[in-house]
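Here's the structure, in structure tokens; my notes come after.
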Amino acid sequence: PFAAAARAAMHCSGGERWSLLDLTAPIRSQVFLHMVGDLLRYSGANEVNVDIDTLRGLCRELRDQIDEEGLTFNYDDTCGFGGGTDDRTEIQLLSGLIRRHRRLRYFECLLRSGSKFRAMLQHLVLPHGTRGSFVFEFKVKAEEVRQLLGKFRVRRLSMIPEEERQPGNWADLPESHLHTLCLRSCSDQIVRSFIAASPRLQSLQVVDSKLLGEPSVQLGSLTSLSLTGVTTMPDAQFSRLIAGCQNLRSLYIAKCHIYNVAVALPRLELLSVTHCRQLTDQCASEMLNPANNPSLRFLDLTEDRGLASPTIAHPGLEIAWLMHCPQLTDQVVANMFQSCTSLSAANLVQSSIETAFICSPTLRTLELTTSQKLTDDVVTKLLQYCPSLSLLDVGHCCQLSEPEFAHATLETILLSFCVNLRESAIVGLFANCPSLRYVELAVCMFDMTRFQRESPKCQVVVNFDF
């Protein structure tokens, strides 16, 4: 059946290479869960069942995910092996366990102990070609990093570099195989040294670091960049850093003091700029201009509380998260649904929507939780003008009393803590929404359990029976 699926995929794509990235992220997850999940046999180093070999040929992304899930040995130093063993003995025991799994390809390690890390540098032995992933929850010296990169084939690394008295200690790191790098609480010079030593780097995260300027090194290989808590870098340097990453597909900026940063990337699909309270409407509008980022599909502007009237009009946008943006106007929201013609999911939790006209033929999921000004008329009309809607969340919307719930394909609706909702509205919901499969009700001023008894084909959850 898996070979047939692969042939069908090739046929549907006209013989071109088919990729899971052609699907939205939730669909990709479901494909992996239902087609792969039951076929993995976890024993020892999580070896993959041989029956899955054909499925691995379906597409590159699926193959890589199967390999990584099924051929990985995970080690966490807080678990240990018990028996009061010292660090050296434990690492030697670990090496012995690893030797038993000849097909091992990946080793993932989480360490909170510096002494155990030093014992690992001395005594851990991995099979030839094993790709390592290391997370260190303590400060690591430059010389220790050199030993790590020299001894193991490190693919992923997350660490807190130790600032040393001699700044040059971090210079001239050995060339590495790093694909993913997360640096926390570090300086410009350390970031530059790692990037210069990592020609294959695809994903870079910089967290809570005092950067003053862009790294001034080549970043063309990066496909994902994340900057969190970088509060010292001026907007101009931010813009130059981003402009040097023309192959980015994902850009994350969070808790940074940015006002007007330029983002113009031809391949960018995911843009997340969150908890940036100084972000201006003009900056957000430029980021969302199709001319600047033509491939954009996913947008997250959560907790950008300064936004009021940005222009959100991108025909390729599929998912928009605008949670906790209380100043967004009704006109902005209405224009977004009208102009983003591919939009399938939107999250406007804790919005100030009051009279916005929500009309979208492609919208399937809409979350409006805790939108305290939301009116009956808005909900009634959005159900009329969003024909593809399958999930609606209007929990904690206390102004709702008797909207007209009528929709042919709606499957899930969340109405918890709509304290003024009338029983007649729920009667209309079950009468006029024939596809309903799941309903949540809580703290409504009527007998909610009657709908559990009267609707056996629909799961009705009442009060706190979650």
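The set of residues in the range 277-302 that are surrounded by 19 or more Cβ atoms within 10 Å (Cβ to Cβ), under 22 Å from the mean Cα position of the chain (by Cα) and over 17 Å from residue 250 (Cα atoms) contains only 279.
Residue-by-condition table, conditions (1) open to solvent by less than 80 Å² (accessible area, probe 1.4 Å); (2) in contact (Cβ under 8 Å) with a residue 40 or more places away in the chain; (3) among the aliphatic types (A, V, I, L, M):
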position: 114; (1), (2), (3): yes, no, no
position: 118; (1), (2), (3): no, no, no
position: 129; (1), (2), (3): yes, no, no
position: 148; (1), (2), (3): yes, no, yes
position: 154; (1), (2), (3): yes, no, yes
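Taken over the range 360-389, the criterion of being within 25 Å of residue 463 (Cα to Cα), within 27 Å of the chain's Cα centre (by Cα) and open to solvent by 20 Å² or more (accessible area, probe 1.4 Å) is satisfied by 365, 367, 369, 370. Does the range 80-91 hold any residues that are in a loop (DSSP other than H, G, I, E, B) and modelled with pLDDT of 75 or more, and which are they? Hits for the range 80-91 are 85, 86. Restricting attention to the range 148-173, the residues being among the polar types (S, T, N, Q) and at pLDDT below 95 number 2. Among the residues of the range 317-340, the one identified as touching a His at 6+ places or on another chain (Cβ under 9 Å) and over 22 Å from residue 276 (Cβ atoms) is 339. For the range 131-146, a tally of residues being surrounded by fewer than 16 Cβ atoms within 10 Å (Cβ to Cβ) and aliphatic (A, V, I, L, M) returns 1. Test residue 439 against the criterion of being in a strand (DSSP E or B), without any contact (Cβ under 8 Å) to a residue 60 or more places away in the chain and touching a helix residue (DSSP H, G or I) at 6+ places or on another chain (Cβ under 6 Å), and give yes or no. Answer is no for this residue.
Within the range 432-466, being touching a strand residue (DSSP E or B) at 6+ places or on another chain (Cβ under 7 Å), open to solvent by 70 Å² or more (accessible area, probe 1.4 Å) and closer than 20 Å to residue 403 by Cα holds for one residue alone: 437. The combined condition, being more than 29 Å from the chain's Cα centre (by Cα), open to solvent by 40 Å² or more (accessible area, probe 1.4 Å) and free of Cβ contacts under 8 Å to residues at least 12 places away in the same chain, is fulfilled by residue 165. When residue 331 is tested against the conditions (1) open to solvent by 40 Å² or more (accessible area, probe 1.4 Å); (2) in a loop (DSSP other than H, G, I, E, B); (3) more than 20 Å from residue 425 (Cα to Cα), the lone failure is (2).
Every condition in (1) touching a Gly at 6+ places or on another chain (Cβ under 6 Å); (2) assigned to a helix (DSSP H, G or I) is met by residue 337 except one, and the failing one is (1). Restricted to the range 134-246, the set of helices (runs of 4 or more DSSP H) holding at least 3 residues that are of a type in the set (D, E, K, R) comprises 142-151. Here the range 258-272 is the region considered, the condition is being of a type outside the set (Ser, Thr, Tyr), closer than 13 Å to residue 285 by Cα and surrounded by fewer than 21 Cβ atoms within 10 Å (Cβ to Cβ), and the residue that is modelled with the lowest pLDDT is 260. Considering only residues in the range 390-404 that are open to solvent by less than 50 Å² (accessible area, probe 1.4 Å) and assigned to a loop (DSSP other than H, G, I, E, B), the one that is nearest to residue 423 (Cα to Cα) turns out to be 401.
Inspect all residues belonging to the range 316-328 and state whether any of them is open to solvent by 50 Å² or more (accessible area, probe 1.4 Å), among the acidic types (Asp, Glu) and part of a loop (DSSP other than H, G, I, E, B). Within the range 316-328, none of the residues are open to solvent by 50 Å² or more (accessible area, probe 1.4 Å), among the acidic types (Asp, Glu) and part of a loop (DSSP other than H, G, I, E, B). Would you check if there is a residue in the range 92-111 being at pLDDT 90 or above, in contact with a His (Cβ under 6 Å, 6 or more places away or on another chain) and surrounded by fewer than 18 Cβ atoms within 10 Å (Cβ to Cβ)? Checked the range 92-111: at least one residue is at pLDDT 90 or above, in contact with a His (Cβ under 6 Å, 6 or more places away or on another chain) and surrounded by fewer than 18 Cβ atoms within 10 Å (Cβ to Cβ). A single member of 429, 415 is open to solvent by less than 30 Å² (accessible area, probe 1.4 Å) and either part of a loop (DSSP other than H, G, I, E, B) or touching a Gly at 6+ places or on another chain (Cβ under 8 Å) (or both), and it is 415. Residues in the range 114-155 that are small (Gly, Ala, Ser) and touching a strand residue (DSSP E or B) at 6+ places or on another chain (Cβ under 9 Å): 114, 129, 132, 133, 142. Being at pLDDT 95 or above, crowded, with 20+ Cβ neighbours inside 10 Å and either in contact with a Cys (Cβ under 9 Å, 6 or more places away or on another chain) or closer than 20 Å to residue 407 by Cα (or both), is that true of even one residue in the range 349-357? No; the residues of the range 349-357 include none that is at pLDDT 95 or above, crowded, with 20+ Cβ neighbours inside 10 Å and either in contact with a Cys (Cβ under 9 Å, 6 or more places away or on another chain) or closer than 20 Å to residue 407 by Cα (or both).
Residues in the range 242-257 that are of a type in the set (A, V, I, L, M) and surrounded by fewer than 21 Cβ atoms within 10 Å (Cβ to Cβ): 243, 254.
The values are calculated or read from the model by the stated rules, or taken from the named source; none is laboratory data. Since we're looking at a predicted model, the values are computed, not measured. As a convention, Cβ positions derive from the backbone with ideal geometry for all residues, glycine included, and neighbour counts pool all protein chains shown. Ligands, DNA and RNA are excluded from the accessible area calculation, which covers all protein heavy atoms including side chains. Shrake-Rupley method; radii C 1.70, N 1.55, O 1.52, S 1.80 Å.
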